[in-house]
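Data first, discussion second: the structure below is written as structure tokens.
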Amino acid sequence: MTNALATASTPRRRLSLEWLGVAPFVIFAVMFLILPTLYLIGAAFIGRDGQFTFENIAGLFTDQILAAYWISIRISGASAIIGALIGLAIALAIIRGRLPAPLRSAVMTFSGVASNFAGVPLAFAFISTLGRLGLVTIILKTVFGIDIYRAGFNLLSFWGLTLTYLYFQIPLMVLMIAPAIDGLKKEWSEAAQTLGASTWQFWRYVGLPIIWPSFLGTLSLLFANAFGAIATAYALTGSSLNIVPILLYAQIRGDALQNPGLGAALALGMIAITALANIIYLVISARAERWMR
């Protein structure tokens, strides 16, 4: 009887220790994700007079806010697609290519650092490099006679912000797609060669279909990553580019445009879009994991 009770108590003790280990994450998620989201949901339906209203939600469909969402989606989509393609090419080169092994370690280390380098420092770096008086801009103009600004380039524009976002989108893609490329077994390529398949045929019929779910999942994650970025965009463009995070900041910072309820509605719309992108990532990633087994 004593042994039976001890055996029964062991799983309970193990379960309690597992919950104790995950408790910090649960507390963090509740305090900084779930509770703020619930607050935003409530604030989005509160008007200036403190009464319940749908006015803030209806305000999301005005021309100015719809235009802000559209340009934010375009920038996020462009930086995600371009970053995913370039990142995939880099990952394939360092993992499947015949490059020196130390180069892979250097690229992965740099990717880990660069994927987290954003905000004001990143904006200052690009202004110092590609601004009107940036180093690269001056070199191109004085040495090669190329005036990129006269040619139409502008760092404080759609493509300027997209280019800036690529600095952290490409390394993030390298980090996220590397496990999928590592999952391509050498036996598969050897079997394809034995059956007479060319390198192109292997990638067309075996390699790309296998990493395609991982690619799509990472693409959605890159979109969400860019859509929620505000510090880099605000430090780089100020209010010259009307994207949703900057418009949201204008509604809550206390100037003439202050409308906390509309700001909460804007944030709620951003949460819905990023949540959808992350759900797509989770669903596709689960499918990709089945392929890797």
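The values are calculated or read from the model by the stated rules, or taken from the named source; none is laboratory data. Model, not experiment: these values are computed from the prediction. Glycine also receives a Cβ, built like all others from the backbone with ideal geometry; neighbour counts cover every protein chain displayed. Quick note on the areas: whole protein, heavy atoms, side chains included, nothing else; ligands and nucleic acids left out. Shrake-Rupley method; radii C 1.70, N 1.55, O 1.52, S 1.80 Å.
Quick look at the numbers
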quantity: For the chain: relative contact order, % (alpha-carbon pairs under 8 angstrom, 6 or more apart); calculated: 28
quantity: Candidates VAL174, VAL136, VAL22, ranked by Gaussian network fluctuation over the chain, Cα under 10 Å, top entry; calculated: VAL22
quantity: Mean Cα-pair separation over length for the range 34-128, i.e. relative contact order, pairs under 8 Å, 6 or more apart, %; calculated: 9
quantity: Choice from GLY21, GLY263, GLY59 showing the highest fluctuation, given a GNM over the chain with Cα pairs closer than 10 Å; calculated: GLY21
quantity: For the range 20-71, radius of gyration divided by Kirkwood radius, i.e. Rg to Rh on alpha-carbons; calculated: 1.21
quantity: Cα-centre dipole for the chain with unit charges at Cβ (Lys and Arg positive, Asp and Glu negative), debye to 20; calculated: 780
quantity: Kirkwood Rh, angstrom, the range 134-241 [1 / mean 1/r, Cα pairs]; calculated: 17.4
quantity: Distance between modelled label sites at THR194 and ILE86, nm, 7 Å Cα→Cβ extension; calculated: 4.1
quantity: Kyte-Doolittle mean at least -1.0 and Cα axial length at least 30 Å: DSSP H helices in the chain; calculated: 2-29, 63-95, 158-182, 260-292
quantity: Probe 1.4 Å, protein heavy atoms only - accessible area per residue of the chain in square angstrom; calculated: 59
quantity: Percent accessible area from carbon and sulfur atoms, the range 67-141, protein chains only, probe 1.4 Å; calculated: 76
quantity: Theoretical FRET efficiency, 1/(1+(r/R0)^6), r = Cβ-Cβ of ILE27 and THR109, R0 35 Å, to 0.05; calculated: 0.65
quantity: Residue-averaged 222 nm ellipticity for the chain, from DSSP H runs of 4+ at -39500 (n - 2.57), nearest 500; calculated: -24000 deg cm²/dmol
quantity: Cα gyration tensor of the chain - equivalent ellipsoid semi-axes, whole Å, descending; calculated: 37, 35, 18
quantity: Per residue Cα convex hull volume in Å³ - calculated over the range 191-257; calculated: 110
